[in-house]
Amino acid sequence: MPAVKRLLVVVDMQHDFVDGALGSEAAQAAVPAAKTLVAQAEEVVYTQDTHGEDYLDTHEGKLLPVPHCIRGSAGWEILPELYRSGARIFEKNTFGSLALAEYAAAFDEITLCGVCTDICVVSNALLIRAFAPEARVRVVSAACAGTSPEAHEAALLTMKSCQIEIG
Ligand SMILES: [Zn+2]
């Protein structure tokens, strides 16, 4: 039997979502668990929310008028303690990354962690579910944080309905 291929996806663990413009205590509290996952992972990839100076003119910016993850800014950077040197990064200018989902489809087990549970984690988990119908997809709750505790729980419930394992 061929070996099981496992992938860890770290979603948007960038300063602006942890301790910057859109940061939260919940996001900071998720860092140690995410760090453990990275340390144990066979392969890890990252998503990096990436906007330009025109952010406020974009659809997302009109609905969330808080500039964040502007390319090249300190807030755009992935937390260095979570980054495995040389690992692949999928930049994205919206919630989900099609390129990530296509990449993840080559794996048998895909684990996700990161922020925000109810925006970018759920978007990417469901995209991966669509691209990899036979894969085990798992989200580690303790290594995620939502825009609120209620939104976090609601997103986990939605993902569970879509046959994503919640760990
Ligand atoms: Zn964004």
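The numbers here are math on the coordinates, done by the rules we state, and not lab data. Keep in mind that what you see is a predicted model, and the values were worked out from it rather than measured. Every residue, glycine as well, gets a Cβ built from its backbone with ideal geometry; the counts of neighbours run over all protein chains shown.
Taking the criterion of being within 16 Å of the ligand (Cβ to nearest atom) and closer than 16 Å to Val121 by Cβ, the residues of segment 36-59 that qualify are Tyr46, Thr47, Gln48, Asp49.
The set of residues in segment 1-17 being under 28 Å from Ala105 (Cβ atoms), in contact (Cβ under 8 Å) with a residue 24 or more places away in the chain and not acidic (Asp, Glu) consists of Val4, Lys5, Arg6, Leu7, Leu8, Val9, Val10, Val11, Met13, Gln14, Phe17.
Take the conditions (1) within 16 Å of the ligand (Cβ to nearest atom); (2) surrounded by fewer than 14 Cβ atoms within 10 Å (Cβ to Cβ); (3) touching a residue at least 60 places away in the same chain (Cβ under 8 Å); (4) not charged (D, E, K, R); Ala106 misses just one of them, which is (1). Candidates Val139, Val121: the one that is crowded, with 24+ Cβ neighbours inside 10 Å, under 12 Å from the mean Cα position of the chain (by Cα) and without any contact (Cβ under 8 Å) to a residue 40 or more places away in the chain is Val139. Entry remark, segment 32-47: residues being within 22 Å of Ala151 (Cβ to Cβ) and buried (at least 18 other Cβ atoms within 10 Å of the Cβ) number 3 in total.
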